[in-house]
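Please treat every number below as a calculation from the coordinates, not as lab data. What you are looking at is a predicted structure, and each value in this text was computed from that prediction instead of being measured. Cβ atoms come from the backbone with ideal geometry, glycine included; neighbour counts cover every protein chain shown.
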Amino acid sequence: GQCVMVCPTGALAENDQTQAVLNYLIDPEIVTVFQIAPAIRVGFGQEFGLPAGTNVEGQVVSALRAIGADVILDTNFAADLVIMEEGNEVLGRVLEGRGTTFTSCCPGWVDFAEKHFPGILPMVSSTRSPQQCLGSLAKTYLAKKMDIDAKHIRVVSIMPCTAKKQEAARPELAKDGVPDVDVVLTIREFARLLRREGVNLAELEPSAFDDPLMSEYTGAGVIFGTTGGVMEAAIRTLYFVANGKELDGIEVHDVRGFDRVREATIEVGGQVGTLNVAMVHGLKGAAQVAQAVLDGSVKYDFIEVMACPGGCIDGGGHLRSKKGYLKHAEARRKGLYAIDRKTGARQSHNNQQVQKLYQDFLGEPLSHASHDLLHTHYQAKPRETDV
Ligand code: SF4
């Protein structure tokens, strides 16, 4: 539109929030806290000409440093934390026979359920998404530990989708009107921001996170970016809870794949016994499974839903080519599994920074503090066509 015509770089098209982030970066009073989603590290390189699936995590950290980020955190850390909270929710519901639990980490799905399947809402995990858990903790736990006034903190997320922008703006995820996540940049916006600042990701040397509080992650946290990944991460931890030892072989291949709706029967053992689970990606499959659950024609203990076909590795923010569409998603998914395999700890409960967070701040999963900071509620919303 008009904006593009007056803006020489074209940077101000489509609800672009790169300028808001630049304003934070130049304000000496503001402490900028960045977080990057699991899928970003295997999808973002394409914006700078690298092949899909290339792990550019270290280059993204370097790029954020180059533009002046104060603190760089990893949403993967919060994915591990979500497994601790949501895993305990599922465990409680299974042991008490309270029926199925749907995952809640995808705002595209949560929004869809609120508009089209309100009957499902009591079954949706109350655990906030990793993005929101990390934002909430940045303004409480991190502020306390780093002795920063939370008023000065701005949390910026780099995310694979625009649904994360709407999630960050939800009023129930704000404290006294201040959102936990201030700005969400999509992949395209982040690329534009770097170009405006003259940073070429492909030329940067990788560097490591330096924050000691919330940047460690396990292999379970990183696979959140693909369909089946949240379920696999949860099973690794539920197995440990039920048996007091780690699952042999670690990986749960029965929940992997690209079919729209997948089912698996998982022998967890111990007090948990057998779990019937389903993994769904794309809203067509989500509608199908939600309806079947409401009808009572299927009985699952735990259902993972991601609104985008493929999961976040093919979220709407990624570069697409009409031909290589699935090929890119597959390459990114392979990239995530490769990171999982080379990560020292591969189960969320073995994340030492998550353990420390519980020891020093939250107490235990589902504690009062956890409920305040890491959980939420949902409500039926009118569909667009009803408004
Ligand atoms: Fe966003 Fe899609 Fe991931 Fe859902 S599946 S969080 S809509 S990228």
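Using just the helices of the chain, give the 222 nm mean residue ellipticity in deg cm²/dmol: DSSP H runs with n ≥ 4 each add -39,500 (n - 2.57), and the total is spread over all residues, rounded to 500.
Working: 16 runs with 150 residues, N = 387.
Theoretical 222 nm ellipticity from helices: -11000 deg cm²/dmol.
Can you list residues from other chains, or at least 5 along the same chain, whose modelled amide H is less than 5 Å from the amide H of Val184?
Ser157
Relative to the longest principal axis of the C-alpha atoms of the chain, give the angle of the C-alpha long axis of helix 283-295, reported between 0 and 90° and rounded to the nearest 10°.
Helix 283-295 and the main axis of the chain meet at about 30 degrees.
Any idea what the dipole of region 211-277 comes to, in debye rounded to 20, about its Cα centre with Lys/Arg Cβ at +1 and Asp/Glu Cβ at -1? Display every interim value, and only then the final one.
On the way: 5 positive and 10 negative charges, 31 e Å.
With Lys and Arg at +1 and Asp and Glu at -1, about 140 debye.
Name the long-range amide H neighbours of Ala174: under 5 Å, sequence gap of 5 or more, or other chain; modelled H, no Pro or chain starts.
Answer set, sorted by chain and number: none.
Run a plain Debye calculation on region 1-156 (Cα atoms as equal point scatterers, no solvent) and give log10 I(q)/I(0) at q = 0.08, 0.11, 0.21 Å⁻¹, rounded to two decimals, same order as the q list.
-0.34, -0.62, -1.31
Just to confirm the number: angle between the C-alpha axis of helix 187-196 and the first principal axis of the chain, 0 to 90 degrees, nearest 10?
20 degrees
Over the Cα atoms of region 236-304, what is the Rg over Rh ratio if Rh follows Kirkwood?
Numbers: Rg = 13.4 Å, Rh = 13.1 Å.
On the Cα set of region 236-304, Rg over Rh gives 1.02.
Within the set of other residues whose C-beta is less than 15 Å from the C-beta of Ile72, count the net charge using Lys and Arg as +1 and Asp and Glu as -1.
Numbers: positive: Arg41, Arg65, Arg154; negative: Glu57, Asp70, Asp74, Asp210, Asp211, Glu216.
Neighbourhood net charge equals -3.
Starting from the Cα coordinates of region 230-387, work out the convex hull volume and express it per residue in Å³. Write out the running numbers ahead of the final one.
Numbers: hull volume 28.3 nm³, N = 158.
For region 230-387, the hull spanned by Cα atoms encloses 179 Å³ per residue.
Restricting to Cα atoms and excluding each atom paired with itself, what does the Kirkwood estimate give for region 161-202 in Å? Let's see the in-between values first.
Numbers: mean 1/r = 0.0855 Å⁻¹.
The answer is 11.7 Å.
Ratio to report: Rg/Rh of the chain, with Cα atoms as the point set and Rh obtained by the Kirkwood method; give two decimals.
Working: Rg = 19.9 Å, Rh = 21.0 Å.
Rounded to two decimals, Rg over Rh is 0.95.
Any number yet on Rg/Rh for region 193-233, C-alpha, Kirkwood? If you can, show how the numbers build up before the last one.
Working: Rg = 15.0 Å, Rh = 13.1 Å.
Reported Rg/Rh, Kirkwood definition of Rh: 1.14.
Return the sequence-ordered ³J(HN,Hα) values of region 29-41 in whole Hz as given by the Karplus equation 6.51 cos²θ - 1.76 cosθ + 1.60 applied to θ = phi - 60°, using x for Gly and Pro.
7, 8, 9, 8, 10, 9, 9, 10, 6, x, 6, 4, 5
Rounded to the nearest 20 debye, what is the charge dipole size of region 239-387 about its Cα centre when +1 sits on each Lys and Arg Cβ and -1 on each Asp and Glu Cβ?
Values: 19 positive and 18 negative charges, 185 e Å.
Roughly 880 debye, rounded to the nearest 20.
Rounding to the nearest 20 debye, state how big the charge dipole of the chain is about its Cα centre with +1 on each Lys and Arg Cβ and -1 on each Asp and Glu Cβ.
Values: 39 positive and 48 negative charges, 201 e Å.
Roughly 960 debye for the chain.
Under the Karplus relation 6.51 cos²θ - 1.76 cosθ + 1.60, θ = phi - 60°, what is the ordered set of whole-Hz ³J(HN,Hα) values for region 122-138, x standing for Gly and Pro?
x, 9, 7, 3, 7, 5, 5, 5, x, 3, 6, 4, 5, x, 4, 6, 4
Nearest 10 degrees, 0 to 90: what angle lies between the long axis of helix 57-66 and the longest principal axis of the chain (Cα atoms)?
Approximately 40 degrees, to the nearest 10.
Once you put a point 7 Å from the Cα of Glu29 and another 7 Å from the Cα of Asp176, both along the Cβ direction, what distance in nm separates them?
About 1.5 nm, to one decimal.
List the pairs from Lys115/Lys334; Lys115/Lys245; Lys175/Lys381; Lys145/Lys381; Lys165/Lys356 whose alpha-carbon separation is above 31 Å, in the order I gave them. Kindly include the intermediate steps, with their values, before the conclusion.
Numbers: Lys115/Lys334 34 Å; Lys115/Lys245 41 Å; Lys175/Lys381 22 Å; Lys145/Lys381 38 Å; Lys165/Lys356 29 Å.
The answer is Lys115/Lys334; Lys115/Lys245; Lys145/Lys381.
Stretched out fully, how many nm does the piece from Val241 to Arg98 gain, at 0.36 nm a residue minus the Cα gap? Don't jump to the answer; show the numbers that get you there.
Working: separation 143, 0.36 × 143 = 51.48 nm, distance 1.89 nm.
Roughly 49.6 nm would be gained on extension.
Considering only C-alpha atoms, what is the centroid distance from region 225-292 to region 336-387, in Å?
Using only Cα atoms, the two centres lie 17 Å from each other.
No solvent, one uniform scatterer per C-alpha: report log10 I(q)/I(0) for region 48-130 via the Debye equation at q = 0.10, 0.15, 0.16, 0.23 1/Å, two decimals.
With one equal scatterer per Cα and no solvent, log10 I(q)/I(0) is -0.42, -0.74, -0.79, -1.06.
When the expected Rg is taken as 2.2 N^0.38 Å, what fraction or multiple of it is the alpha-carbon Rg of region 77-168?
Details: Rg = 15.2 Å, N = 92, 2.2 N^0.38 = 12.3 Å.
That ratio works out to 1.24.
Taking the Cα atoms of region 90-230 alone, what are Rg (to one decimal) and Dmax (as a whole number) in Å?
Computed over the Cα atoms of region 90-230, radius of gyration and Dmax are 17.5, 56 Å.
Please give me the summed charge of the neighbours of Arg333: other residues whose Cβ is under 10 Å from its Cβ, Lys and Arg +1, Asp and Glu -1. Please list the in-between numbers first.
Working: positive: Arg256, Arg332, Lys334; negative: Asp314, Glu330.
Within the 10 Å Cβ shell, the charges total +1.
Going by amide H atoms built from the backbone, whose H comes under 5 Å of the H on Thr101, apart from near neighbours?
Those qualifying (amide H under 5 Å, at least 5 residues apart or on another chain) are Phe302, Ile303.
Length gain on complete extension for the stretch Ala202 to Glu384, per 0.36 nm per residue less the alpha carbon to alpha carbon distance? Each step should come with its number before you reach the end.
Details: separation 182, 0.36 × 182 = 65.52 nm, distance 4.14 nm.
Stretched fully, the Ala202-Glu384 segment lengthens by 61.4 nm.
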